[in-house]
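Below you'll find the structure, written out as structure tokens, and then a few comments.
Any read-out appearing in this document is the output of simple, stated calculations on the displayed coordinates, not a laboratory observation. It should be emphasised that the depicted structure is a prediction, and the values quoted were computed from it without experimental measurement. Cβ: placed from backbone, ideal geometry, glycine included. Neighbour counts: every protein chain shown.
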Amino acid sequence: MDQSPDKDVSFVQKLADAQRGLYAYILQLLPNRSDADDVLQATNLVLWVKRSQFAAGTDFAAWAARIAYFEVLTFRKRMGRERIRFDDALVEQLAAEAAAEAEQTDDLLQMLRRCMDKLSAQDRDLLEMQYSFDLRPRQIAERTGRSPGAIAVAMHRIRMSLLECIDESDASTREDAP
Amino acid sequence: MSQSRLLAKLLENEITDAECKQLNRLLGDDPALRRLYRKYMTLDAMLRWEIAPPLMKVSKEERTAVDSPSPAFLPDTDAPIPDSASRPIPSSYKLPLAHSTLGGWAFSYAVATVFVCLLILGFWAYKLPSDRGSLITTNENSRGLTTPGESSPARPALVFVGRVTGIAGAKWSDAPDYLPPIGVNVRLGRKYKLKSGLLEITYDSGAKVILEGPCDYTAESTAGGYLSHGKLVAKVKKNHELRMMNDESKTRSSDIHHSSFITPHLFAVRTPTAVVTDLGTEFGVEVDGLGNTTSHVFRGSVEVQAFAGGYRNKIVLRAAQSLRVEKGKGSDEAMLVAGVVEPPKFTRRLFGPPKQLDLLDIVAGGDGRGKRRERGIDATTGMEDPLFVPMNRGGHRDYRPVSWHRFIDGVFIPDGAAGLVKLDSAGNTFDGFPETTGRTFGSIWPRATEPKPHDSASDKSHRLWVYAMGRGEQFMPEERGLLGLHSNTGITFDLAAIRRTFPKFVPGRFQAVAGVADASHLTDIADGMVDFWVFVDGRLALKRMNVRPEDAPFGVDVELKSNDRFLTLVVTDGGNTAGSDWAVFGDPVLHVEPGDANETKR
């Protein structure tokens, strides 16, 4: 596996750039954050090992997504049946639809940041508690004195409002385009 | 409940089985809901990535450090680890309720990027500041494990922490000042200095350590030791893990920030430059002659604390990740270098001599001692096939080296029309193959004993021929499984590499039961006819022509000499095209002739 240092550096850059999109892609096929973490890491290792097989100038995101797909399938094979959430046909369908979006995360991130700025401090705190500290709604409820149900509803409301905001930003961006 | 709330429940892992089935159906039928689902999951991924990147499993202490304003920066190969990450840890745990979040996010993103590059790719090194002595505090619970590199304090005599439970080829150091231990009990403070071979210690806590010579290891506590050089693999039993986790959680509830290098009760290996603490796992540690430490996690996770003049900096490594801690130029400086830095080869088990090596396990990625199945190889590229790929393959006839597997030399598509066919990387060739289609179908596939369920009613079910052929018990009297090789395919095993890996055991015979599976129950035009070939170093050792499904399976028994380098299995299409050429080698094994087999596990 001969690979020049320059090529390796370029590959590193591509891999680092692809991480967000790859993680989002995997999470869509494997809707469990911890499982998605594991598969992302397994995918990264496979990508690195197979780096010499990537043809410069071709679509890195598509290549990486393909390998991630195989890693998801391998992971599903290893999972107990009771842990599998989606059937094979749905995973295949989602994979086909999600692959097309795997590299569109940069714009999305910019829009997300703008939308997060519009959240109230209280909502941002909730997000921080969930995502930065991996707290479950029940644990957040204990710390905030609210009921777990109320936290779950609030989290869902925040996500939906962010999606709505992103959709609006996306629409207005398209209108601004020449 | 609204459909979108189902998504929330799925994400929070609180969805019931019935709701999950409902969601499956809804998502399959409703493109709009599927679109919402993809957006919802992508949003979750982005939020998680933005707020706490999944690869950056920073400790809670480090997260609190992010709370303070930090300069937004991009990764820079010479950038020192930001000071905020090494500030004294606050005495109580608090949540950083986000305020001016951009700095924090930018920090997180930058660190995440650095971390990805460090942990995954191993390109950058970060020099740790050396003046951190003031951060060290003592902890009496560390039970003897102090800081990396320090000598162990005096121990009370005759306190035993475990037993020696296995030895393989161990030779003690002949250093004049070293007195090898007597007996199997492991005394606290006992030094194990091996010149070569393996030695397994089982601690009373249940943790096991396999020392690999040359190495120098001291059992300096009931839950760990000091590795001054050499290699070891540590494995913590489940009940031990659970007990430790319970202890740990109790400790955390009273004081979440431990101020010493060693987390009480967790198994830890100390080296001259680091402390590697088990978090429920199997991991390897290697210390080279300069004191540099390489840690690699096989399962679970470990926490690696680099040592630099008392400075604590820790990273949590997870399965398949490696991290190297190097000594810096100064006496009390260390460098962290992470990534797939070609982790050292560790011995993870003490086995008795293998009597045979399973070729199905080897093709599936193993070393022949396991029972791996259902992961194959593309005969046209040599790449791994994680799934059986039901398609025609061909296009070239070059010999394809299989670089990712030390026991498989290469694969190829045999075709006599192309002239001499290369059989192995040593350049052995064969000119007696007939003209073939130059194509194959599917993967070289090590199938499990029981075929995987598939849609047998489908008119395409025959494409998954390794499963559609049925159980195939006539080919596997020992019920190991089948090696499916649709013509035209060749695969070469590297016997020399096998001998290098198992130096005391020499492959003496290749045995299997071969034949052609019957496709007539699936198609009216089944016309399987296959030629079987076995070569050793390019010499033809077995040839069986025009084998049809109606022919009885035949035994393959090829003698191998101690200096044979390659074993090659080939199937060609018998001259009637490759249709339905479902060739299999059942129960394929290399029988190993033991050499010096007197060193086994106790």
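Details
- Partner chain coverage, peptide A:69-77 - average Cβ within 10 angstrom: 2
- Net length available on complete extension from B:Ala320 to B:Trp404 is 28.7 nm, with 0.36 nm assigned per residue and the Cα-Cα distance removed.
- Rounded to 0.05, the FRET efficiency of the B:Leu179 and B:Asp204 pair, given R0 = 25 Å and the Cβ-Cβ distance, is 0.60.
- Between B:Lys21 and B:Arg369, the FRET efficiency from the beta-carbon distance, with R0 = 51 Å, is close to 0.80.
- Per-pair calculated FRET efficiency, R0 = 41 Å: A:Ser52 and B:Gln474 via Cβ, rounded to 0.05: 0.45
- Charge tally around B:Thr380: other residues with Cβ under 15 Å, Lys/Arg +1 each, Asp/Glu -1 each, net 0.
- A cut-off of 5 Å between modelled amide H atoms, ignoring neighbours fewer than 5 places along the same chain, links B:Gly280 with B:Ser301.
- 10 Å Cβ neighbours from other chains, averaged over peptide A:45-56: 2
- Neighbours of B:Phe430 by Cβ distance under 13 Å: Lys/Arg scored +1, Asp/Glu scored -1, total -1.
- Gap separating the Cα centres of the range B:522-544 and the range A:1-64, nearest whole Å: 39
- Inter-chain neighbour count for B:434-443: the average number of beta-carbon atoms from partner chains within 10 Å of each residue's beta-carbon is 0.
- The Cα atoms of the range B:3-51 define a convex hull whose projected area, averaged across directions, is 3.2 nm².
- Cα gyration tensor shape of the range A:105-176, rounded if a/c is under 1.5, else prolate or oblate by comparing a/b with b/c: prolate
- Residue-averaged 222 nm ellipticity for chain A, from DSSP H runs of 4+ at -39500 (n - 2.57), nearest 500: -24500 deg cm²/dmol
- Extended-chain gain in nm, criterion 0.36 nm per residue less alpha-carbon gap, A:Asp170 and A:Ile84: 27.6 nm
- Cleavage-rule hits (trypsin sites (Lys or Arg not before Pro)) in the range A:78-163: DSSP loop, at most 12 neighbouring Cβ within 10 angstrom: A:Lys118
- Peptides ranked, highest mean first, by Cβ atoms within 10 Å: ranges B:356-366, B:526-536: B:356-366, B:526-536
- The range B:355-372 - phi-based ³J(HN,Hα) in whole Hz, Karplus 6.51/-1.76/1.60, Gly and Pro as x: 8, 8, 10, 8, 5, 5, 4, 5, 4, 7, x, x, 9, x, 9, x, 10, 5
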